[in-house]
Structures are given as structure tokens and as C-alpha cells.
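Down below is the structure, laid out as C-alpha cells.
Just so it is clear, none of the values below were taken in a lab; they were calculated from the coordinates. Bear in mind that the values here come from a model prediction, so they are computed numbers and not experimental data. As a convention, Cβ positions derive from the backbone with ideal geometry for all residues, glycine included, and neighbour counts pool all protein chains shown.
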């Protein structure tokens with residue numbers, strides 16, 4: 001039997017699985033399943049993702065020297081067939097959890113890969129800043 005292509009969604013909300021961001025991700029599940037995709041959600045809440053130190057080790061070695069949950073998260077994102085980054089809008093930006101995770105992915109922004117995969121940004125707000133945040 002063939003394995004279904006997997007979409008990995010990273011939920012940057014501090015309210016793992018119960019907030020509006022989780023609700024938005026869950027709303028995609030039926031359509032993705034209908035199209036033959038499996039959806040895996042990673043909640044950053046409760047994960048140990050340390051701050052980026054700006055040392056540029058990842059630029060040279062292709063991975064961060066910090067041994068925390070970000071390594072496993074990054075492995076899942078790199079092996080996924082598609083990526084969803086989802087966050088509530090706090091002070092006109094993604095949450096600290098999402099920003100820290102993005103900062104730790106420095107090497108992938110500065111040294112883009114030769115391949116790409118489809119992605120989606122979801123930002124959830126109470127009416128201010130969601131468009132600007134999603135465009136970030």
C-alpha cells in the first residue's frame with residue numbers, strides 16, 4: 001500500500017489544540033483527507049525550543065548545535081510533502097513561540113534549498129494585523 005502524502009502544520013499558539021488557530025488548522029483536515037493527504041499537527045506549546053544564539057553554526061553545518069525539540073520539528077518539516085505555519089497574531093506579529101522556531105531555521109532562509117514544497121501561512125486575529133502577519 002502506498003503511503004499518503006503528508007502535510008505538517010506547525011501551530012504557534014500557546015493554546016495547544018484548543019485555540020482558534022487549532023480550529024483553523026482542523027478546518028483543513030476534511031479537505032486535505034478528501035484530496036488524499038494526511039495532516040500532522042505539531043503544537044509548539046509545550047515544546048522545548050531554545051532561542052537562536054545568532055552564531056551561524058547552522059549556516060556552516062546545515063543544522064543547529066542546540067539539542068532541543070526543534071531538531072525533530074525540522075526533520076518532520078523537511079520530510080513533509082507540504083508545510084502549514086499557523087499562528088495567532090500577538091502585537092501585530094506571530095507569537096514568540098513561532099518566531100523562535102522560525103529564527104532557529106535561519107540556515108533555510110539564508111541558504112535556500114534547490115527544491116521547494118507547497119506551503120500555507122495561517123494567521124488568526126481578533127480583527128487586526130492578520131493580513132500583514134501572514135504576508136510576513
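In terms of its alpha-carbon gyration tensor, the range 1-48 comes out oblate; a/c meets the 1.5 threshold, while b/c is at least as large as a/b. Each Cα pair under 8 Å and six or more residues apart adds its sequence gap; the mean of these over the residue count of the range 25-124 is a relative contact order of 32 percent. For the range 1-38 and the range 119-136, compute the distance between their C-alpha centroids and round to whole Å. Using only Cα atoms to place each centre, the spacing works out to 17 Å.
Of the beta bridges in the chain, as assigned by DSSP with both residues counted there, near 5 percent are antiparallel. Segment residue 132..residue 18, full-extension length gain: 38.6 nm, with 0.36 nm per residue of separation and the alpha-carbon distance subtracted.
Once every DSSP H run of n ≥ 4 in the chain is given -39500 (n - 2.57) and the sum is divided by its residues, what mean residue ellipticity at 222 nm do you get, rounded to the nearest 500 deg cm²/dmol? It would help to have the intermediate numbers written out before the result.
On the way: 6 runs with 49 residues, N = 136.
It comes out at -10000 deg cm²/dmol, rounded to the nearest 500.
Between residue 40 and residue 56, the modelled labels are 3.3 nm apart [label points 7 Å from Cα along Cα→Cβ]. For the chain, what class follows from the C-alpha gyration tensor (a ≥ b ≥ c being the square roots of its eigenvalues): rounded when a/c is under 1.5, otherwise prolate if a/b is larger than b/c, else oblate? Note, shape of the chain comes out oblate. The overall shape of the range 52-111 is oblate: from the C-alpha gyration tensor, with semi-axes ordered a ≥ b ≥ c, the ratio a/c is 1.5 or greater and a/b is no larger than b/c.
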